[in-house]
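Working notes, structure below.
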Amino acid sequence: MKKTLWIAIAGALAASVIAASAQEVLSANAVGYIKRTVPANGGLEVISYALNPMPYSGVTWFTNTSVASEMPNYSWAYFWNDGTQRWVGSQKSGKGAWDGVGMAKVVLPGEMFFLKTPPGAADQDVTITGEVPDDPTLERAVIGSDNNAALGNPYPVDVAFTNLGVAQTAANYSWAYFWNPTTGRWIGTQKSGKGAWDGVGLAKTVLAGEGFFLKDLNPGSVWTNTKPYTWP
């Protein structure tokens, strides 16, 4: 998995964000780039679009994202439906246009979705491109009640899973699942009856642009994220 984050910012970059993203400053503006790799031959990778696409209308239309443009024809995208607890698929045609599902999709801050390469395709490097969010907080609804919610850090920084507010407030005995694109499987971690995540959760860093599932036993809630940097 090739995942690289370059953030170009105005003014001084907070030391905590440098440490979290472990990346470099490129120029004096608020544009970010997050590189991810979708595996070859029908392989899947999770995406969380942690930047505002350009131009930005206040919402992130899937078809306005750089990853939608960069995926080859006959690729698939899958969006999680909280109500049915199923993936909803959208395919890119041989003429480079996404179908009606993709055209109508708004990707929410802190939402995870899948990208899938066509059969026979090589590894596909895609770049999440856009403006660094300057919202002081970003909210994400979490379905809860032992249902899976498709989540991701809405800000473009790497963060320890156990430092995420949604992991800290999840009920004891809840589960989280992290995607392994090499094996094509989910890796689970559970919160104990004493409120501590097991070794998988403790060791996990959620990378910028990465998503995960959370199966929270609490009732539905709203996860409020606070901007982890002082710019832009």
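The values are calculated or read from the model by the stated rules, or taken from the named source; none is laboratory data. Small disclaimer: the values here were computed from a predicted structure and weren't measured. Every residue, glycine among them, receives a Cβ derived from its backbone with ideal geometry; neighbour counts consider all protein chains shown.
Could you say whether any residue in the stretch 169-182 is in a helix (DSSP H, G or I), on the phi < 0 side of the Ramachandran plot and surrounded by 19 or more Cβ atoms within 10 Å (Cβ to Cβ)? Scanning the stretch 169-182 turns up no residue that is in a helix (DSSP H, G or I), on the phi < 0 side of the Ramachandran plot and surrounded by 19 or more Cβ atoms within 10 Å (Cβ to Cβ).
Of the conditions (1) polar (S, T, N, Q); (2) assigned to a helix (DSSP H, G or I); (3) within 22 Å of Pro39 (Cβ to Cβ), Thr129 fails just one. Which one is it? Evaluating Thr129 over (1) polar (S, T, N, Q); (2) assigned to a helix (DSSP H, G or I); (3) within 22 Å of Pro39 (Cβ to Cβ) leaves (2) as the failure. For beta carbons closer than 8 Å, sequence separation of 6+ or different chains, a first residue in the stretch 183-202 that is over 23 Å from Met112 (Cα atoms) and a second that is charged (D, E, K, R) and at pLDDT 95 or above, the qualifying pairs are Ser192/Asp198.
Does Leu214 qualify as being assigned to a helix (DSSP H, G or I) and of a type outside the set (Ser, Thr, Tyr)? Judged against the criteria, Leu214 is not a match. Annotation note: of Leu115, Leu151, the sole residue that is touching a Ser or Thr at 6+ places or on another chain (Cβ under 8 Å) and closer than 30 Å to Gly195 by Cα is Leu151.
For every residue, the table says whether it meets (1) over 28 Å from Asn218 (Cα atoms); (2) of a type outside the set (A, V, I, L, M).
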{"site": "Thr37", "(1), (2)": "yes, yes"}
{"site": "Val67", "(1), (2)": "yes, no"}
{"site": "Ala77", "(1), (2)": "yes, no"}
{"site": "Gly96", "(1), (2)": "yes, yes"}
{"site": "Val107", "(1), (2)": "no, no"}
{"site": "Gly110", "(1), (2)": "no, yes"}
{"site": "Phe114", "(1), (2)": "no, yes"}
{"site": "Thr137", "(1), (2)": "no, yes"}
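Quick grid of which residues meet (1) closer than 29 Å to Ala68 by Cβ; (2) touching a Leu at 6+ places or on another chain (Cβ under 8 Å):
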residue: Thr129; (1), (2): yes, yes
residue: Asp134; (1), (2): yes, no
residue: Pro154; (1), (2): yes, yes
residue: Asn163; (1), (2): no, no
residue: Gln168; (1), (2): no, no
residue: Lys204; (1), (2): yes, no
residue: Gly209; (1), (2): yes, yes
residue: Phe213; (1), (2): yes, yes
residue: Thr230; (1), (2): no, no
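The listed residues are Tyr74, Tyr78, and the only one of them that is more than 27 Å from Pro228 (Cα to Cα), hydroxyl-bearing (Ser, Thr, Tyr), modelled with pLDDT of 95 or more and in a loop (DSSP other than H, G, I, E, B) turns out to be Tyr74.
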